[in-house]
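Heads up: the structure comes next, in structure tokens.
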Amino acid sequence: MFQPRFIKHAKLLRKGVNRFLHYKRDLLPTTKVDEINGLRGELDAAISQRNSTRIDEVSKQLNQVCERALPDARTTEWAENIEVFFVSIVIALGIRSYIAQPFQIPTGSMQPTLNGIRAEATEKDPNPGFLGKIGGFFTGTTYLNVVSDHEGPLRLSDTITEHKFLIFRPYSRLHFADGHDIKISCPKIQLERELNIGAHLRTEMMEGNSDTPDRRATMQMANASSIYVRKGQVLARGIVQNGDHVIVNKFAYHFRRPTRGEVFVFTTKNIAGIESRNFDERWGSQHYIKRLGGVPEDTVSIKDSQLFINGQLATEPGFKRVMTGTYIEPKDGYRGYEDAIQDFTGRRVPVREIALQKKQYLALGDNSYQSSDSRYWGPVPEQNVVGPGWFCYWPLTSHWGVIR
């Protein structure tokens, strides 16, 4: 601690030169290595003599030689920015894979706790003007008044396809037979159902055979090959509310067991009950978000809209909120648990008592009457569990904040 500052700086420079030679020796010409070693020896001699003037002279020479040793490898500001960008991507991917991951809620199976994507058709152009659109951005609201800029017949196969911009904005494309397409800022199922694009195209929409996480059948056009679109024809008109975006804590379950009553995320891969229901591949083998209705070796049953766990009325806060209302008299949007489900023939049958085995979890939607969950396709295997839903970060609505 009593060394002069110039001695300390000189020793730090010597350490830096040693590292430079260690990392760059295979790229440096032999003459440069010899020159650097010679100057390093002169620096050592000046340090031992405590000659500040000589140390300053040799330090400048040593810095210049090292800087010019690899002129072609000198990093530009642009290259540094690219390097920082890619390092950031690697860090972000690591966080996404092992710590936290963002998800968008696509359906209404967890409403009103978490909102899925919703749409409402309007008769007139709903555009609220510039300021309204700015506010709509922060609340995840899109105002649609889509008018065709093209004329001709539609493509027979995949007439409407769904795409995604990052994770924020799912949208659809309407395809013409000649290759032209029109972007519509609305997911496919909402475009076909709530915004009723079939009515604008003057055709009928039929329900498909596959299902979605909130038990709504997918749709398809009855006779796409005969549809002819005129230029200036309205294709979609309405308001689309973007689904909540949440952060899932993928780290938590490495240190604790999943807790009954919390909102959690799991994958649907190899859950036979989901695959046997012929889910659309857009939903199958994806991530679902539900409330954790039971942990291993629990026995769960539903009676009169109430949830019972191991013979006792569920007491966890999330369950109690859901059970405050009924289907006929909902409270704050909650309607209790549906105690009868629709089987494959369309008949309503009582929900059977579900006895969980080891390493099995029960998933239930808060919007029980519109939730495809463990009542239909069985328990969630332990290996499918991803983590608890932690934080709703977008849009800036009343749901913003910690998920309960």
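General remarks:
Every residue, every condition in (1) modelled with pLDDT of 95 or more; (2) in contact with a Leu (Cβ under 8 Å, 6 or more places away or on another chain), yes or no:
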position	(1), (2)
297	yes, yes
323	yes, yes
347	no, no
375	no, yes
390	no, no
400	no, no
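- Hits in segment 144-178 (condition: assigned to a loop (DSSP other than H, G, I, E, B), open to solvent by 60 Å² or more (accessible area, probe 1.4 Å) and either in contact with a Ser or Thr (Cβ under 7 Å, 6 or more places away or on another chain) or not charged (D, E, K, R) (or both)): 156, 157, 166, 168, 177
- When residues in segment 148-185 are screened for being among the hydroxyl-bearing types (Ser, Thr, Tyr) and more than 22 Å from the chain's Cα centre (by Cα), 3 of them pass.
- Look at (1) over 28 Å from residue 334 (Cβ atoms); (2) open to solvent by less than 50 Å² (accessible area, probe 1.4 Å) and you find that residue 141 fails only one, number (1).
- Note on segment 242-259: among residues that are part of a loop (DSSP other than H, G, I, E, B) and open to solvent by less than 50 Å² (accessible area, probe 1.4 Å), the one that is nearest to residue 390 (Cα to Cα) is 250.
- Here residue 17 meets each of (1) over 18 Å from residue 67 (Cα atoms); (2) assigned to a helix (DSSP H, G or I) with one exception, condition (1).
- Single unsatisfied condition, residue 135 versus (1) in contact (Cβ under 8 Å) with a residue 60 or more places away in the chain; (2) surrounded by fewer than 19 Cβ atoms within 10 Å (Cβ to Cβ): (1)
- Among the criteria (1) modelled with pLDDT under 90; (2) open to solvent by 60 Å² or more (accessible area, probe 1.4 Å), the one residue 313 does not fulfil is (1).
- Residue count for segment 63-79 under the criterion of being modelled with pLDDT of 75 or more, open to solvent by 80 Å² or more (accessible area, probe 1.4 Å) and not polar (S, T, N, Q): the result is 2.
- Scanning segment 48-62 turns up no residue that is open to solvent by 60 Å² or more (accessible area, probe 1.4 Å) and at pLDDT below 85.
- Close pairs from segment 230-241: first surrounded by 14 or more Cβ atoms within 10 Å (Cβ to Cβ), partner charged (D, E, K, R) and assigned to a loop (DSSP other than H, G, I, E, B), Cβ under 8 Å, at least 6 apart: 237/123; 237/124; 237/125; 238/194
The values are calculated or read from the model by the stated rules, or taken from the named source; none is laboratory data. Quick caveat: nothing in here was measured; it's all calculated off a predicted structure. Note that we place each Cβ from the backbone using ideal geometry, even for glycine, and neighbour counts take in every protein chain shown. The area values use the complete protein model at the heavy-atom level, side chains included, leaving out ligands, DNA and RNA. Shrake-Rupley method; radii C 1.70, N 1.55, O 1.52, S 1.80 Å.
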